[in-house]
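Only one structure is covered here, and it is reproduced in the block below.
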């Protein structure tokens, strides 16, 4: 972190730059900003900073660690009075993950999410466009399970390179 | 409605909003716990992971709902205090979610009936007059939609599968049907919540639930059991009248927190 005179209050951009260095603990190639978890930053005139976050999934076990990491990173830059506030609405969606972050996911070996769909309450055996294998780029793949090693990932199988791979669920 | 004196004494509800949050939160806490019992025991690895994932979502939703319940109650109880330091009579979950997990067919059938109930009620509660409840419903609905896809697809696979899987899931449906009726047996609290726009209009949503369930059950080549119409006179977990199974579940779920109150790790 670049040195900053301690008497100057941090700007919103200062805080955003710090948050760019806070990585998601379960997908460590994406920062919490790239993942779309950070919704807002409030600089208080009397001193102190509030970071507004939204959870990915209701039961995401990483959310507490993420909050601690955010607080620790900002405090490490010499800024006191950090609070993290959670807001649930609007609900997090993978559509907030940008093109650059999607490319990082793919090179990390996780197929990036398709566009999240809303639609009917009950959609059984829905047709979905095939996911591209992050290893060999083939579209000859199949979904093995919508549930994977973390809430945000499903498990696919590539028939071309005959490897299992994870896909970031469109959500 | 006059409540007969044989009912277990339950404290007067602080108010309807708290009651609603406890009903919604306790359903998910108890069902999440039941599902977590499959961890390490499911028939195939993918299902072990799937059921644990769904359990985690339900526990996350229960956390949000019970935390809000504690705020509304205003007595300083957080979600952990409500989960670990209430006795069975103070729980407001429906009896459907308390039943032992049974075999895989029973777990899937129960999950499907609940998931269908969850999507129709959460979809309605996105428009709740409570901003907090509306936000929780919006978030939870996204999860409930893939839960019902998972349990619904399994209903088709088991019902239209082997003779054995068909027999087992039909038996589960027959055993569960009367408990599912409780989901839509609205009492005075539900009626006031629906009228105020805070809670779901259960009698109105019952038709939507029926359409979803009957469609899937039919496609699964299963038979819809003889109907048990919802009635305010049936025993109800919503009023603290539970099956014998809830106490046993709570004993296991609460023992660590009660043995070591305030412990941190």
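The values are calculated or read from the model by the stated rules, or taken from the named source; none is laboratory data. Here the structure is a predicted model, which is why all the values come from computation and not from measurement. Cβ atoms come from the backbone with ideal geometry, glycine included; neighbour counts cover every protein chain shown.
Some notes on this structure:
- Criterion: assigned to a strand (DSSP E or B) and touching a residue at least 12 places away in the same chain (Cβ under 8 Å) - qualifying residue of A:21, A:50, A:56: A:50
- Residues that are over 16 Å from the mean Cα position of the chain (by Cα) and touching a residue at least 60 places away in the same chain (Cβ under 8 Å) within region B:16-36 comprise B:16, B:17, listed in sequence order.
- Test for residue B:216: is it on the phi < 0 side of the Ramachandran plot, within 11 Å of another protein chain (Cβ to nearest Cβ) and either touching a residue at least 24 places away in the same chain (Cβ under 8 Å) or in a helix (DSSP H, G or I) (or both): yes
- Any hit, region B:190-205, residues being touching a residue at least 60 places away in the same chain (Cβ under 8 Å) and more than 21 Å from residue B:121 (Cβ to Cβ): no
- Of A:101, A:72, A:77, all but one fail to be more than 21 Å from residue B:62 (Cβ to Cβ) and surrounded by fewer than 17 Cβ atoms within 10 Å (Cβ to Cβ); the exception is A:72.
- When region A:132-147 is filtered for residues that are part of a loop (DSSP other than H, G, I, E, B) and within 14 Å of another protein chain (Cβ to nearest Cβ), the ones remaining, listed by number, are A:146, A:147.
- Selected residue (criterion: nearest to the chain's Cα centre (by Cα)) from residues of region A:148-166 that are assigned to a loop (DSSP other than H, G, I, E, B) and under 23 Å from residue B:51 (Cα atoms): A:152
- Checked across region B:86-96, the condition of being free of Cβ contacts under 8 Å to residues at least 40 places away in the same chain and not in a loop (DSSP other than H, G, I, E, B) holds for no residue.
- Residue, farthest from the other protein chains (Cβ to nearest Cβ), within region A:114-131, restricted to residues that are more than 25 Å from residue B:117 (Cα to Cα) and in contact (Cβ under 8 Å) with a residue 24 or more places away in the chain: A:131
- Of the criteria (1) under 30 Å from residue A:11 (Cβ atoms); (2) outside any loop (DSSP other than H, G, I, E, B); (3) within 14 Å of another protein chain (Cβ to nearest Cβ), which one residue A:71 fails: (3)
- The single condition among (1) at pLDDT 90 or above; (2) more than 15 Å from the chain's Cα centre (by Cα); (3) within 18 Å of residue B:16 (Cβ to Cβ) that residue B:232 does not meet is (1).
- Considering only residues in region B:123-142 that are surrounded by 24 or more Cβ atoms within 10 Å (Cβ to Cβ) and within 15 Å of the chain's Cα centre (by Cα), the one that is farthest from the other protein chains (Cβ to nearest Cβ) turns out to be B:137.
- Which listed residue, of A:111, A:91, is surrounded by 20 or more Cβ atoms within 10 Å (Cβ to Cβ), touching a helix residue (DSSP H, G or I) at 6+ places or on another chain (Cβ under 8 Å) and within 14 Å of chain B (Cβ to nearest Cβ): A:91
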